[in-house]
Structures are given as C-alpha cells and as structure tokens.
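Worksheet: one structure, shown below.
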Amino acid sequence: MKKLLGIVILSLIICNIAYAKKNTNTWDYPFLVYKGWEAKGSENHYKFQSNLRKDKDVLKEFKNSKKTGIISYLLFEDGKIVIDESDIPISVQGDKIIDGLLPSHSMGKSLVSYVTGHAICNDYIDSVNVKLNDWPLIKNTLYEDSILLDLLNMKAGDQKWIGERRKNGSDNRIKGPKNENVNVIGLMKVMSVYLRGSEKSKLIYNYSALTTNVIMNYVKYKTNGDWEKLLHKVFNEHVGVKNSVYFSKSKKYLKTDFVSARYSFYANRYDYLRIAKAIMDDWHNDTCAGKYLKTIYKNRVEKKDNTKEADDVGLYTKTYGGQFHFDVFGLKKTRKIIGMSGFAGQQILIDLDNKRIIVVNSLYKNYNWKKIVHSVIKKGK
C-alpha cells in the first residue's frame, strides 16, 4: 500500500512539473527593456465592422483561461468581426501590459518577411533572388553570399550552429559553451565571436531565430537610414494600424553604434488583425506585396520539424515559405492558408479561399487549438 501511495505521489509531482513547464508565460522579453522601433498609428486606420456572435467552444476556453492560457480570440469573416473575446490581464509576473501591446514571438518572423516584401517593392532590395554579398557584417561567415530566398525559407546551411528546435527545444540558442540566446546578444556578437570563419553546411530546412534576424538586419542595412521610414510606410500607410506597433532590438555589442534588430513584435490585438487583413487583401488584389507573397508561396519547401499533433499551425503544416507556414494537415491540398505561429500559442491563420482570419493571443498554449482554430478554418464553424 505504501509503495502504491509513493507511486501515486511521484506521478502527481511529475505531472505538476510538466504542467508548470507547459504553462510558462510568454513575457520572457520585457517590452521596455528591448523596445526598438515604433511605427505610429494612423488617423486613417482601418475601421472594423462587427456582427458578433457567441461561440460555446471559444467561451469554454475563456471560462477556463487560467488553465488554457488564452487571453484574446478574434474571428473575421464576410468582412466583419464575428467573434471577439478577450480577458487580458493588467500585468504578467510583474510586467505591466502597456497600451494592450501583446508579444508576437515567432509570428514576428512572418512580419519580418512582410516588411522584406515591402523593401523589395520600394526598391531597397532587387528581388528575393539577390545574394547577400554587399554587407560587411556577415563577411567571412556562412551567411555571406547566401541567396535571400534561401534564408526566407530557413535554408541557410547553419544547422551546425543553431536551430533543430524539435531536438534542442529552442531555435534561438547558438551552439557553444555558453549556449547564448541570439535574440539577446545581438547580431554583431554572433558574427564576430561565433561565426567568423564559419562555412555553410548543406542547404536544408532548419528553423532558426538567427536566420530571421539576419534577414531583418540585412533589410535594415539596405534601407540606408530609411528603416523607420519603411516601417512607417508598411504599418501606418499600407496596413493602417490604429495604435503604435513595435519591433524589438537586441543588446549592443561592446561600444559600437550598431543596434541589432530582432523579429519580436508588439501590437494591439486589433492591429494584429489589421495586419492579417492587409496581407489577405494584398494577395487578392495582386499588389506588389501580394506578388511577393505569391512568389514565396510558389517557392515553399518541405518541413522537417512538423508533427501530427494538432495544437499549433507552426507544427501542424507540411511546408514553409518566406517565413510563413503553409499546407495545413487535415485540409484539402488545394486550400491556401497562410499561417503565423509564435511561442506559447500565438496564432494567426489567414484563409485565403474564404477570406476568413483567426487571431489568437495567449499566455501559454493549453487551449483547444484543434477545436477553436483548425476546425473553424476547416469547416467554417
């Protein structure tokens, strides 16, 4: 009996540890510490119409929000917001949520790609096929002479140094004795301390935070001082966000003037929806940015880190293109869905066929993704 009781207690301890680990909140990069570049809201922001309804499955997730972690859910279809639920806390572990700004985490990778498309459309970069051979920061590293499209598709040949998130549990740790976080230490330190003299490995899909930060800082470099002007043009003028949105920075390395940009993004819940709608409209209206989106979709590659567990569009998709997730499992091959995915359950899915968008923000990923996200995209329910 004592032995049985001991087994039960041990099982409960293990379950509690696993649950706590699963419920790690998303505020691991405090907004004010890493605050970088602001694109201010527009007086001509897009104004949503609503035809709201209540959904029992979504309400169930919010009723148990302390367990599920969900804090915001938006469903946009037929040109209107039809489900709008939120329970956003004032602060998380002592970090105040300022002006309703919520972290993107790796959804920011997709937004870096969207900005890259606009950089091409505004003639800062020639095309997705350019070689990165004009940027001193990456000279004599494995990234020198890389084709931009390969980086956008996470085929940088950097797998000896970073990535392999399914195996290592992280995509942002540079391989070395200190296991440093590339989102924190910045690109200059990564290149000068770790990667100087490195060579490309085979160009295979390898999901990595570093690859996105290389893309982002290359775009910043190519704008030649117009970086903030480009962000204003994308988010204020083109998207029409209502509130300020922000990209983050990393720490400076030594006493240099170089400020390393990182893909972490902050926006109000409705502005995430505005950005998603702009992406959808670009695709359908065949704008220059829309042509960019269609190019990366056409050149998407097979993933190596997906899973058949339906709890995240980042892992429950077959292909990856230009920092977006495509070809969702369980849907017809002809369905065109653009997916964005971030740590701890941040999700944006854009159903191009039915002009439907879902935006989810969460503290941790315990909500029923299959029921309130996948099923809605699949069946329209």
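No lab work stands behind these numbers, since they all come straight from the coordinates. Owing to the predicted nature of the structure, the values given are computational and were not obtained by experimental measurement. We place every Cβ from the backbone using ideal geometry, glycine too, and count neighbours over all the protein chains shown.
A few remarks follow.
- Shown here for segment 46-118: trypsin sites (Lys or Arg not before Pro) in loop regions (DSSP other than H, G, I, E, B) with at most 12 other Cβ atoms within 10 Å, namely Lys47, Arg53, Lys54.
- Extension gain, Asn140 to Asp95: 0.36 nm times the residue separation minus the Cα-Cα distance gives 12.2 nm.
- Per-peptide packing, taken as the mean over residues of other Cβ atoms within 10 Å, places 300-310, 234-244 in the sequence 234-244, 300-310 from highest down.
- Derived scalar couplings ³J(HN,Hα) [segment 212-217; Karplus, 6.51 cos²θ - 1.76 cosθ + 1.60; whole Hz; x for Gly, Pro]: 5, 5, 5, 4, 4, 6
- Which labelled figure in [x] 20.8; [y] 22.0; [z] 18.4 is mean projected area of the Cα convex hull in nm², once derived from the coordinates: [x]
- Potential lengthening between Lys336 and Lys379 on full extension [0.36 nm per residue; Cα-Cα distance subtracted]: 14.1 nm
- Restricting the GluC sites (Glu not before Pro) of segment 27-79 to loop positions (DSSP other than H, G, I, E, B) with no more than 14 neighbouring Cβ atoms within 10 Å leaves Glu43.
- At q = 0.10 Å⁻¹, base-10 log of I(q)/I(0) for segment 229-381 (Debye sum, equal scatterers on each alpha carbon): -0.39
- Considering only Gly79, Tyr364, Tyr194, the residue lying farthest towards the positive end of the dipole of the chain is Tyr364, judged by Cα position with unit charges set on Cβ.
- Each peptide in 317-323, 209-215, 177-183 was scored by the mean count of other Cβ atoms within 10 Å over its residues; highest first, the order is 209-215, 317-323, 177-183.
- Three-way shape label, segment 177-264, alpha-carbon gyration tensor, a/c 1.5: prolate
- Projecting the Cα atoms of Trp227, Ile138, Ala209 onto the charge dipole of the chain, computed from C-beta unit charges around the Cα centre, puts Ala209 farthest toward the positive end.
- Global form of segment 43-86, assessed from the alpha-carbon gyration tensor, a/c cut-off 1.5: oblate
- MRE, 222 nm, helices only [DSSP H, n ≥ 4, -39500 (n - 2.57), over the chain, to nearest 500]: -8500 deg cm²/dmol
- Dipole in debye (nearest 20) - the chain, about Cα centre, beta carbon charges: Lys, Arg +1; Asp, Glu -1: 1360 debye
- Net charge dipole size for segment 224-318 [Lys, Arg +1 and Asp, Glu -1 on Cβ; Debye, nearest 20]: 240 debye
- Label-zone membership for segment 47-74, site Asp87, 7 angstrom Cα→C-beta point, backbone N under 11 Å: 59-72
- Among His45, Ala344, Ala289 the positive-end extreme of the charge dipole of the chain (Cβ point charges): Ala344
- Reachable lysines from Lys155, criterion Cα separation under 20 angstrom, eight or more residues apart if same chain: Lys109, Lys131, Lys139, Lys167, Lys175, Lys200, Lys202, Lys294, Lys298, Lys303, Lys304, Lys318
- The calculated FRET efficiency for Asn179 paired with Asn224, based on their beta-carbon distance and R0 = 45 Å, is about 0.80.
- Here the peptides 333-340, 354-361 are ranked by packing, the mean other Cβ count within 10 Å, and the order with the highest first is 354-361, 333-340.
- Table column - 3J(HN,Hα) (Hz), segment 139-154, Karplus curve with 6.51, -1.76, 1.60, x for Gly and Pro: 4, 6, 10, 5, 7, 4, 6, 5, 7, 3, 4, 4, 5, 4, 8, 6
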